[in-house]
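Have a look at the structure below, then the notes.
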Amino acid sequence: MTEILRRYSNHLAIAFTLLILSLCLWRDYILLFQTPLATGIDGYYYVLQINRLISKGQFYFPTRTPIVLYLLSLLRFLTQDAVVAIKLGGMIFHLLLSVGVFCLIKKLTLNNWFGLCALAIANLSGLHLYMIGEFLSNLGALTFIVWSGFFFLKAIQAKSKGWFTASFICLLLAVLSHRSALPLIFLISFTGLLAYILVGEKLNSRNKKFLLSITLLIIVSPLILAWQTVFNLPDSLTTEFLKVPQLPFNKTTLPECLALAIISLTVVLIYFLWSKVRQTASLPGLSGISDDSEIEQTASLFYLSQNKAVGITLGAVVLWNLFVTLNPFLNHQTGFTGITGRLSSLSYLQTAVAVPLLLFCSK
């Protein structure tokens, strides 16, 4: 029996993936279509936009990010009902986002079960309901960003210009879907680059301390900006930066943020433990560790250099947590109307990525 399960493990993982997707789609369908009205505060914004585009050939409100609206208008043309089109669009976008997360984690870990874990977290979190019911353009941008990351990973592994092109096209579509895409792309790129440098084996102790100091400075920068009197902050930021640190939790994102706090603490602690093991192993006359194989075994719980792509991705998520999601110097109580609150709504996707990668590293 065990041999059969091992032999057909990947097939079972795919079967469970399809089952979870089907059940979650049915659940979302029931929730969204229990009323004939558009859901969310911005529900009828989308109705106005796509109805005017269909009837007049232009949007009711001018926009520079029309891609998601164009796609919703196509669904409106097919269904002949703007509300139905919006609800189906939200479900389709989140389906594509979930599959993208599955493919990304599966590509990193080469294991369908870890991909299934990521997909399940992304769909079982209550935060995804805000995306499919409230923030469709934002959801579309996230979907394109995730697929861009997957294509970028394939491009690096295959050294193919075609995959690089696909990744760039997805990034372009993301930028044309929602104005938050550019800051998100910058944040992901910056944390990924910083994680890449920190995970690198050739980084000496002096440079590592310098980068960690820069990281700490970024974390406390909202506090510094809140107290400085040299210039006035824009009105949109005065409520985002705190002069007195607060716990970075709110009721909406509490489960995901608690999970991210545990993951981040674990990763940070083991990163420094791993660094200490490597530093100690390089000392002459070492008596506690005899050879390279024992060093690797000592740090096997989280030896990031064994799979740099996994280490960089997990490190980028942790840095994102420290900079934004768990930063005590940012105001997390503004809800989805504030910049920090809106970014915190992405914590369920961060959790979907971080949990399976940490499990992979600890196996």
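What angle, in degrees between 0 and 90 and rounded to the nearest 10, separates the Cα long axis of helix 205-227 from the longest principal axis of the Cα atoms of the chain? Taking Cα atoms only, the helix is inclined about 40 degrees.
Going 7 Å from the Cα of SER9 in the Cα-to-Cβ direction, what parts of segment 97-111 have a backbone nitrogen less than 20 Å from that spot? Of the residues in segment 97-111, 102-111 have backbone N under 20 Å from the label point off SER9.
When each of THR325, THR337, THR63, THR229 is scored by the number of other beta-carbon atoms lying within 10 Å, the sequence from fewest to most is THR229, THR337, THR63, THR325. Axis of helix 347-362 versus longest Cα principal axis of the chain: the two differ by about 30°, to the nearest ten degrees. Based on C-alpha pairs under 8 angstrom that are at least 6 apart in sequence, the chain has a relative contact order of 18 percent. If you model segment 1-130 as an ellipsoid using its alpha carbon gyration tensor, with each semi-axis the square root of five times an eigenvalue, the axes come out at 36, 15, 12 Å, biggest first. What shape does segment 125-205 take by its C-alpha gyration tensor, where a ≥ b ≥ c are the square roots of the eigenvalues and a/c under 1.5 counts as rounded, a/b above b/c as prolate, and the rest as oblate? Cα axes put segment 125-205 in the oblate bin.
Rounded to the nearest whole Hz, the Karplus-based 3J(HN,Hα) values (6.51 cos²θ - 1.76 cosθ + 1.60, θ = phi - 60°) of segment 232-242 follow the sequence 8, 6, x, 4, 5, 9, 4, 8, 8, 9, 10, with x at glycine and proline.
Estimated from helices alone, the mean residue ellipticity of the chain at 222 nm is -23500 deg cm²/dmol (sum of -39500 (n - 2.57) over DSSP H runs with n ≥ 4, per residue). Applying the criteria of a DSSP loop state and at most 10 other Cβ atoms within 10 Å to the trypsin sites (Lys or Arg not before Pro) of segment 63-163 yields ARG64, LYS159. Rounded, prolate or oblate for the chain? Axes are the square roots of the Cα gyration tensor eigenvalues, ordered a ≥ b ≥ c, and the cut-off for rounded is a/c under 1.5. Oblate, since a/c reaches 1.5 and b/c is not below a/b. Pairs of Lys residues in segment 16-179, spaced 8 or more positions apart or belonging to different chains, with C-alpha separations under 21 angstrom: 5 in total. Could you give the angle, 0 to 90 degrees to the nearest 10, between helix 181-199's Cα long axis and the longest principal axis of the Cα atoms of the chain? Between the helix axis and the principal axis of the chain, the angle is about 10 degrees.
Since every read-out is calculated from the coordinates, none of them should be taken as a lab result. Bear in mind the structure is a predicted one, so any value in this text is a computation, not a measurement. No Cβ is skipped: glycine too gets one built from the backbone with ideal geometry, and neighbour counts run over all protein chains shown.
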